[in-house]
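For reference, the structure discussed in these notes is given below.
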């Protein structure tokens, strides 16, 4: 009968690669494994594990200390999902609110492929008169993606946004853009400006309900 091999018997590189895949599936499973032995705990601190971990199933503000510390490390490792969550918190949450820094984090998350971050960043910017044009340019990329892949992407962005905001103590509010930002005359159904103005109103109302 072959000898059984445990995770702790594996070379460090192989162990780190396995833990990376665990974190991509469930951060809580990874955190549970870290308590099993010192070698696994040490291997689980590799930066690329934090950089690629999946946070899709977790809210914006983790209440457990261990998960909060993991999120902080993931932000440092430039994990786009962690950047998005921290950016949302900085833009809208009363604890440590810093809109400029939040926008910076959302922009980095967007540049790293975070679709929900692109949505949140663009809507935040079009509600700031001095940055509205940049906001519409940001959202145009998302609009083009929706045209190519379907507007289910937009539905997902709304759902994720709702979940993030539901997890916060909201103190910020948004002032939706005025109509003059829209160049259309009659055919508003075909106008991306009208779409994003509507989405900005939706987000502003969502924040107001949580105020």
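The table below gives the values:
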| quantity | calculated |
| --- | --- |
| 151, 50 arranged by Cβ crowding within 10 Å, fewest neighbours leading | 151, 50 |
| Between helix 65-76 and the chain: long-axis angle, C-alpha atoms, 0 to 90°, nearest 10 | 70 |
| Rounded if a/c under 1.5, otherwise prolate or oblate - the chain, Cα gyration tensor axes | prolate |
| The stretch 70-112: C-alpha gyration tensor shape, a/c 1.5 cut-off, then a/b vs b/c | oblate |
| Rough spin-label spacing in nm, given labels placed 7 Å along Cα→Cβ, for residue 209 and residue 166 | 1.0 |
| Ordering of 20-28, 63-71 by packing [mean C-beta count within 10 Å, highest first] | 20-28, 63-71 |
| Mean separation of Cα contacts under 8 Å, 6 or more apart, over the residue count of the stretch 1-146: relative contact order % | 13 |
| Gained length - residue 104 relative to residue 198, 0.36 nm times residue gap less alpha-carbon distance | 31.5 nm |
| Estimated distance in nm for a label pair at residue 25 and residue 6, the labels positioned 7 Å out from Cα along Cα-to-Cβ | 2.0 |
| Rounded, prolate or oblate (a/c below 1.5 giving rounded, otherwise prolate when a/b exceeds b/c) for the stretch 41-88 by Cα gyration tensor | oblate |
| Order of 167, 41 - criterion: other Cβ atoms within 10 Å of each residue's Cβ, fewest first | 41, 167 |
| Cα-based helix-to-principal-axis angle, 99-111 vs the chain, degrees rounded to 10 | 70 |
| Sorted by Cβ density within 10 Å, fewest first, the residues 6, 110, 54 | 6, 54, 110 |
| The chain: angle of helix 80-92 to the longest principal axis, Cα-based, in degrees nearest 10 | 50 |
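Throughout, read-outs are computed from the coordinates displayed, never taken from laboratory work. Given the structure is predicted, the values throughout are model-derived calculations rather than measurements. FYI the Cβ positions are ideal-geometry reconstructions off the backbone, even for glycines, and counts take in every protein chain you see.
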